Amino acid sequence: MASAAEQLASNLNFSTFAKAEDLKKRLWFTLAALLVYRLGTHIPLPGLNPEAYAQAFRGQANGILGLFNMFSGGAVERMAIFALGIMPYISASIIVQLMTSVVPALENLKKEGEQGRKIINQYTRYGTVILGALQAYGIAAGLESGQGLVVEPGWFFRISTVITLLGGTMFLMWVGEQVTERGIGNGVSLIIFAGIAAGLPTALAGTLELGRTGALSTFLILLVIIVAIAVIGIIVFVERAQRRLLIQYPKRQVGNRMFQGDTSHLPLKLNTAGVIPAIFASSLLLLPATVAGFANTTAMPSWATSIVAALGHGQPLYMVLYGALIAFFAFFYTAIVFNPKDTADNLKKHGGFIPGIRPGERTAEYIDYVLTRITVVGAIYLVFVCILPEILVSQTGIPLALGGTSLLIVVSVTLDTVAQIQGHLIAQQYEGLIKKSKLRGGKRGR
């Protein structure tokens, strides 16, 4: 079966794409949704002094706010209606998924299938509203504390800011869900991808400008480009790497004929969690520091000021926490998306087994054993790819869009989206082959 799919994939051409009407509709829907998102990042929040805000942001552009701006597609830099981005939804998803592991009621809901998943998604939306409202109010209060950032400070500005920013986040959450259901790829990941990709040309131009003015040496710029290309190559290689477990099916007898048992493979991705650990880790680190860049640090307690400074982008504590969170979520999310026990039960139900391993519990233990060890390699890869370029960026002042996290998200989401497109094309070609075989069968019957 795998070889047939590979042969079909190799035979895909433009004529197959031209006939895939459903795929074209999904692509157009996805592009239209991302275009709406990009337009929203340019609609400014009412009640701000644009010049004063631009000056205040420039002072924090290389810190945590610069990182938040990268994930929001430049909306923070313009303080647009999508300035909160999709991060509150991701943070709520993290909290709910963590709770499903410790709260028995939520764990039972997770086992109920589609109906339970809908209820858990509804809890995630409620959490998004709460987190988004708190972050939006924090941004409003932080803007008011700035010198001359708000034209008319007061409760009207705070309430309007909370409604606007929270509305923007909820709209993006809805858009992401619609893209996942009616478009191509994961909607939330594509929204983050679109924001980062939109900033890449500006980041590259900014790097070249630093070289032109002498702020960066030509050697350093070349080094950054080489590192970026090497990181992209590593990402492509590891994201496509698999550990295939041999699955064998017993011989079967149909009538008087004995058929040889089939063999196939159970593919285990080296990085099963994909880009999710980097996004989750970034969102958790951004959560407490959303307003810190605009807050009046003189009015903050000394311990809070120390924490904010230590969590600044490029600081040792930030790097350590970032790497630890990436490693944690690599294992956590892998455990969520892949259940060795369910896989072993399905194999046993269909008569499949791993040679030398007893079906059932022993098979589940073996799959878990292999998955845990390849996840260690995957977690090390994620930490390396995300941390090493970030250190280079923090030490040289190169734009954040060229960092390891942004490259990982852009390349991984691109690979996943292309894989989904190929899947649709293969399904289209399968349907064409089935129709042809039915037509031939009908002609022979006549």
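The values are calculated or read from the model by the stated rules, or taken from the named source; none is laboratory data. As the structure is a computational prediction, the values presented were derived from the model and not from experiment. Quick reminder, even Gly has a Cβ in these numbers, built from the backbone with ideal geometry, and neighbours come from all protein chains shown. These accessible areas exclude ligands, DNA and RNA; they are computed on the full protein's heavy atoms, side chains included. Shrake-Rupley method; radii C 1.70, N 1.55, O 1.52, S 1.80 Å.
Stretching the chain fully between LYS349 and GLN178 yields a gain of 58.1 nm (0.36 nm per residue, less the alpha carbon separation).
One equal scatterer on each Cα of region 63-200, no solvent, Debye formula: the resulting log10 I(q)/I(0) at q = 0.11, 0.15, 0.17 Å⁻¹ is -0.46, -0.80, -0.96. Modelling each spin label as a point 7 Å along the Cα-to-Cβ direction, I'd like the LEU204/ILE43 distance in nm, to one decimal. It is 3.1 nm. The amide H of LEU268, built 1.01 Å from its N in the peptide plane, has ARG243, ARG244, LEU245 as neighbours under 5 Å, considering only residues 5 or more places off or on other chains.
When PHE157, PHE237, PHE171 are compared by accessible area at a 1.4 angstrom probe, the order from most to least is PHE237, PHE171, PHE157. 3J(HN,Hα) couplings calculated from phi for region 128-141 with the Karplus curve 6.51 cos²θ - 1.76 cosθ + 1.60 (θ = phi - 60°) are, in sequence order, 4, 4, 5, 5, x, 5, 5, 5, 5, 5, x, 5, 4, 5 Hz; Gly and Pro show x.
With all protein chains in place and a 1.4 Å probe, the accessible surface of region 96-175 carries 66 percent carbon and sulfur. Rounded to 0.05, the FRET efficiency of the ALA215 and ILE391 pair, given R0 = 22 Å and the Cβ-Cβ distance, is 0.75. Here the Karplus curve 6.51 cos²θ - 1.76 cosθ + 1.60, taken at θ = phi - 60°, turns the phi angles of region 154-159 into couplings of x, 5, 4, 5, 5, 5 Hz, with x standing for Gly and Pro.
Put GLU365, GLU144, GLU51 in order of accessible area, highest first, and with a 1.4 Å probe you get GLU51, GLU365, GLU144. The Stokes-Einstein estimate for region 170-248, based on a Kirkwood radius over Cα pairs and taken at 37 °C with 0.692 mPa s viscosity, is a diffusion coefficient of 204 µm²/s. Annotation for ALA32 and ILE225: the two label points, set 7 Å from Cα along the Cα-Cβ direction, are 4.0 nm apart. Distances between placed amide hydrogens fall under 5 Å for ALA80 paired with LEU45, all partners being 5 or more residues away or on another chain. Compactness of region 93-151, taken as the C-alpha radius of gyration over 2.2 N^0.38 Å, stands at 1.66.
Simple spin-label estimate for PHE171 and LYS341 gives 4.5 nm between the two label positions (7 Å along the Cα-to-Cβ direction from each Cα).
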